[in-house]
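What follows is a short report on a single structure.
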Amino acid sequence: MIRTLSLFEPEPLRFMSLTSGSCGNCYYIGTTVEGILIDAGIGARTIRKRLKKAGVDFDTILGVFITHDHSDHIKGVGGLGEKMGKPIFSTIGVLSHINENLTVQPKLSTASRREIRKNETIGIGNFSVTAFNVIHDGHDNMGYRVEYEGDVIVIATDLGDITDEVSRHLMQAQHIVIESNYDDEMLMNGPYPQTLKNRISSGNGHLSNRKASEWMRKHWTPQMKDVFLCHLSAQNNTPELAYNSMSNALEQAGAKDGETVRLKVLPRRMESDLMIL
């Protein structure tokens with residue numbers, strides 16, 4: 001049977017990762033008629049190509065929201081903003097540092113920049129977007145809560161720990177994109193110098209499999225329908241370790257992948273499937 005939408009039924013919300021990791025980060029949230037991007041850590045032409053491959057019309061992208069100013073999150077903003085005319089949203093703290101990054105070419109002009117403030121909700125199309133503070137070693141780092149027709153998706157990446165503020169937003173979401181960057185043992189026994197190991201595992205670094213899973217074990221509720229694990233390290237993690245850690249935590253909380261929740265590890269270098277939320 002072919003399913004048709006009634007005149008009053010909203011378009012279903014869709015999500016995909018275009019890339020997720022130190023090689024680049026970019027996420028799409030949208031419907032068939034409008035959408036937004038979170039971060040642009042790969043080239044603008046690659047973003048456009050991967051959206052087209054998934055059947056997403058690039059012209060429906062209303063804007064790009066940036067979490068922080070590290071290269072793997074902003075490499076493509078110049079092309080998206082200056083060449084393709086997409087407004088780039090972030091706080092003044094992030095926007096003021098983007099053009100200092102050598103990977104950003106061309107530089108963002110005032111016309112491309114849109115200043116937002118943390119904990120203030122803005123409307124863009126039929127989406128409501130709220131930035132919230134996360135702890136990381138970039139400038140003025142943030143996660144995003146996106147609401148559409150009562151559906152809430154929260155993206156929390158590049159954060160050293162889950163603070164009360166982050167937890168509050170995650171608790172309101174049906175769909176969670178959360179960092180699961182490293183396995184403690186792999187990091188500790190790996191080839192990185194000790195200073196880098198300390199930076200990654202500090203409260204200003206990245207979120208481990210253990211921390212992400214412990215939070216979910218304590219806080220999962222039946223409203224949480226999707227858990228997507230993002231920003232896995234190539235050197236200090238594997239998809240299997242991240243998945244098993246979170247899957248075990250969800251089972252301890254009373255949830256099971258494929259039954260009460262959908263659990264997926266987002267690929268590092270390639271795009272994920274386009275998923276209906």
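The values are calculated or read from the model by the stated rules, or taken from the named source; none is laboratory data. The structure displayed is predicted, hence computed values, not measured ones. A quick note on method: Cβ atoms are made from the backbone with ideal geometry, for glycine too, and the neighbour counts reach across all protein chains shown.
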Reported set for region 123-154 where residues are among the aromatic types (F, W, Y) and in contact (Cβ under 8 Å) with a residue 40 or more places away in the chain is F127, Y144, Y148
Count of region 197-250 residues which are outside any strand (DSSP E or B), out of contact with any Pro (no Cβ under 8 Å at 6 or more places or on another chain), of a type in the set (A, V, I, L, M, F, W, C) and surrounded by 14 or more Cβ atoms within 10 Å (Cβ to Cβ): 12
If you take the residues in region 82-135 that are within 22 Å of G24 (Cα to Cα) and hydroxyl-bearing (S, T, Y), which one is nearest to the chain's Cα centre (by Cα)? S90
Taking the options D140, D151, D184, name whichever one is modelled with pLDDT of 95 or more, more than 23 Å from T32 (Cβ to Cβ) and among the charged types (D, E, K, R). D184
Output the number of residues of region 123-160 satisfying the condition of being surrounded by fewer than 21 Cβ atoms within 10 Å (Cβ to Cβ), assigned to a loop (DSSP other than H, G, I, E, B), touching a Leu at 6+ places or on another chain (Cβ under 7 Å) and not aliphatic (A, V, I, L, M). 1
Taking the condition of being outside any helix (DSSP H, G or I) and over 20 Å from the mean Cα position of the chain (by Cα), how many residues in region 180-196 meet it? 4
Conditions (1) within 21 Å of H68 (Cα to Cα); (2) crowded, with 21+ Cβ neighbours inside 10 Å -> S167 fails only (2)
In the list T221, T238, which residue meets the criterion of being more than 27 Å from E165 (Cα to Cα) and touching a residue at least 40 places away in the same chain (Cβ under 8 Å)? T238
